[in-house]
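The values are calculated or read from the model by the stated rules, or taken from the named source; none is laboratory data. Nothing here was measured: the structure is a model prediction, and the numbers come from that model. For neighbour counting, all protein chains shown are included, and Cβ atoms are generated from backbone atoms with ideal geometry for every residue, glycine included. Note: areas computed on protein heavy atoms with side chains; ligands, DNA, RNA excluded. Shrake-Rupley method; radii C 1.70, N 1.55, O 1.52, S 1.80 Å.
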Amino acid sequence: RASDLTPDVFTLAAVLRAHAGVHLWRETLCWLEEARLMELSPDLVCFNATAAACSKAGAWVAALALLQDIRDAGLQPDVVSYGSVVGAPRQWRLSMALLEEAWLCRLALNQQSYGVALAECKESSQWRAALALLQQALTARVDLDALALNVAMSACESGSSWESAIALLQQAQGANSGFVADVASFNTAMLACKGAHEWRHAIAILLLMLRPEFLEVLGLPSPKEEPSSQQRERSLPRPDLISFNTALGACDDIGAWKAALALFGAMPYHSVVPDTCTYVATISSMGRSSHWQSALALFAGRIASVEHDLELTGYHYRAAITACYRGLQWDHALALLTEMRVAKVPIPSGGDGAYISTILAAQQAGRLKLAAALYSEALAVGALPAR
């Protein structure tokens, strides 16, 4: 019968959800308007499905307008309503305003809503706003995972607020913090410290993750009471390659070669295999402190190593040659450059410090003809920009 084919609100909601699932936001808006013309009264499910479709498509103006349409229809937006539109504007201020509005309405938004807003704060380097959101979520007793913590810490890193990143990491170690830090959390805090040239803090964060028995290898005191397996599982993740490379990069920035060498030696204790960045940072840190012999020894060890099976790159050569230049060893620098050319090792992207360092080393030694010849060669092979 004809009366059986008359659409109702339940049919409308199903149609809207189907269109929302395939991101047909314009069609969902048309169906919603058509329902009004047919004197149907769309319920909150219909509005939420339409708002979700608009939000996923980036049609944030339409998504925000639907919040007012809900009120105009005599309804009240719920958690799903706000959760659908938070993040749609791709603007951290608007997202924070929506979360604040939901908070005032005593609506408990979920982790996903806060995560979206935190990501927008990170993209805009708004670390203060990210911290405020994180604390608001904790006050609202929202169950946050390590990802939300890491996004907030990344915002602190982008905003050059290394102290705030460390404070968050310390807060996460508390028994009732509301979230648990993972290895990415520690790495992010280390990156924030490295960016601020706070190398000691970066290394200290790595040491928190090291096994107590290895602290003696570094010459550091072991804790009086080793944490239980349950405590370590909850609060102290194992460091990974990014952890070590970040700490080594911090050492490289200021030439802390002893710390770099100790960290390099720590990697086997954690079954972490060095990569190109590991060797380059360690060799470079030695070079910065004029310990060219140690730098060349590690470089030679890299060549002889069959365990790690890494391809020798121009970055390895550049670090070793630069160490020779800083150690006033022009002949060793030239030997490495010659070896690099014979082996046809590709020039690193962003210019070739190998040529520059060798030229400068030759100039320091008074080998001006050699320096001039190397300069011409560097121009010919495209290692230096032509003036």
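Annotations for the structure displayed:
- Within the stretch 321-371, the set of residues being free of Cβ contacts under 8 Å to residues at least 24 places away in the same chain and outside any helix (DSSP H, G or I) comprises Lys344, Ser349, Gly350, Gly366.
- Filter result for Ser113 (crowded, with 17+ Cβ neighbours inside 10 Å, part of a loop (DSSP other than H, G, I, E, B) and hydroxyl-bearing (Ser, Thr, Tyr)): no
- Test for Gly87: is it outside any helix (DSSP H, G or I), free of Cβ contacts under 8 Å to residues at least 60 places away in the same chain and more than 20 Å from Ala155 (Cβ to Cβ): no
- Some residue of the stretch 249-258 being touching a Ser or Thr at 6+ places or on another chain (Cβ under 8 Å), assigned to a loop (DSSP other than H, G, I, E, B) and within 28 Å of Ala204 (Cβ to Cβ): yes
- When Ala333, Ala354 are checked against the criterion of being in contact with a Ser or Thr (Cβ under 9 Å, 6 or more places away or on another chain) and either surrounded by fewer than 17 Cβ atoms within 10 Å (Cβ to Cβ) or modelled with pLDDT under 90 (or both), Ala354 stands alone in meeting it.
- Scanning the stretch 89-110 for residues that are among the polar types (S, T, N, Q) and open to solvent by 20 Å² or more (accessible area, probe 1.4 Å) gives Gln91, Asn110.
- Breaking point among (1) open to solvent by less than 50 Å² (accessible area, probe 1.4 Å); (2) part of a helix (DSSP H, G or I); (3) within 15 Å of Leu44 (Cβ to Cβ), for Arg71: (1)
- Taken residue by residue, the stretch 133-143 has no member that is under 16 Å from the mean Cα position of the chain (by Cα), open to solvent by less than 30 Å² (accessible area, probe 1.4 Å) and modelled with pLDDT of 85 or more.
- Residues of the stretch 357-387 satisfying the condition of being of a type in the set (Gly, Ala, Ser) and either modelled with pLDDT of 90 or more or surrounded by fewer than 19 Cβ atoms within 10 Å (Cβ to Cβ) (or both): Ser357, Ala361, Ala362, Ala365, Gly366, Ala371, Ala372, Ala373, Ser376, Ala380, Gly382, Ala386
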